[in-house]
Amino acid sequence: MDIKEFRNCMGHFATGITIVTSETEAGTHGFTANSFTSISLDPMLVLVSVDRKTKALNILKDNNFIVNILKQNQQDIAMHFAGHKQDTEPFEWEEGLLGNRIKDSLAYIECVPWRTYDGGDHVLFLGEVKSFEYSGGKPLAYYRGEFSEVVTK
């Protein structure tokens, strides 16, 4: 089976876009991720899947993290944290319980490390939720390699 075709196949599953932030001695680090899901309600657990080739791998190891779920109008933030830096940061930080988070995100989920698992060319980080908040608005969606909209009634 062809890896590229498998990736194209998986692109047919629409996802939301998140920025995962974590504190380091050098400051707050963040990366764009759409491989994120809720795992358990009791205890409250979420999963973030991280490519083994990224800097984020070492930053998340045994570290708190915050999942910032983006709103539909926050595409520039997603691109910024995906490595397409802009002259002026398209967001503001705000202090959360476990570190800095993206101000005005659709939702925030603050986590402490719970377990880490081998996920092939990725590492699966499970975090135990210690705090969360959500607000109104529409999510930023991703479908077949492009930003998309969620249509609601």
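Summary table
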item: Rounded, prolate or oblate (a/c below 1.5 giving rounded, otherwise prolate when a/b exceeds b/c) for the stretch 3-148 by Cα gyration tensor; result: rounded
item: Cα gyration tensor shape for the stretch 99-153, rounded if a/c is under 1.5, else prolate or oblate; result: oblate
item: Using θ = phi - 60° and Karplus 6.51 cos²θ - 1.76 cosθ + 1.60, couplings along the stretch 28-35 (whole Hz; Gly, Pro as x); result: 7, 10, x, 8, 7, 9, 10, 8
item: For the stretch 100-153 versus the stretch 1-65, the gap between their alpha-carbon centres in whole angstrom; result: 8
item: Fewest-first sequence of S49, S40 by Cβ atoms within 10 Å of each Cβ; result: S40, S49
item: Environment charge at G99 (Cβ cut-off 9 Å; Lys +1, Arg +1, Asp -1, Glu -1); result: -2
item: Relative contact order %, the stretch 3-148, counting alpha carbon pairs below 8 Å whose residues are six or more apart; result: 30
item: Table column - 3J(HN,Hα) (Hz), the stretch 86-93, Karplus curve with 6.51, -1.76, 1.60, x for Gly and Pro; result: 10, 4, 10, 4, x, 7, 10, 7
item: Rounded if a/c under 1.5, otherwise prolate or oblate - the stretch 35-86, Cα gyration tensor axes; result: oblate
item: Fully extended contour minus Cα-Cα distance, from R115 to N73, at 0.36 nm per residue; result: 11.8 nm
item: Segment F13-S131, extension gain: residue separation times 0.36 nm, minus the distance between their alpha carbons; result: 39.7 nm
item: Hits among aspartates and glutamates - C-alpha to C-alpha of K61 under 15 Å, sequence gap 8 or more where chains match; result: E23, E25, D51, D118, E128
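Computed from the coordinates by the stated procedures, all read-outs in this text should not be read as laboratory data. Just so we're clear, the structure is a prediction, and the values are computed from it rather than from any experiment. Glycine also receives a Cβ, built like all others from the backbone with ideal geometry; neighbour counts cover every protein chain displayed.
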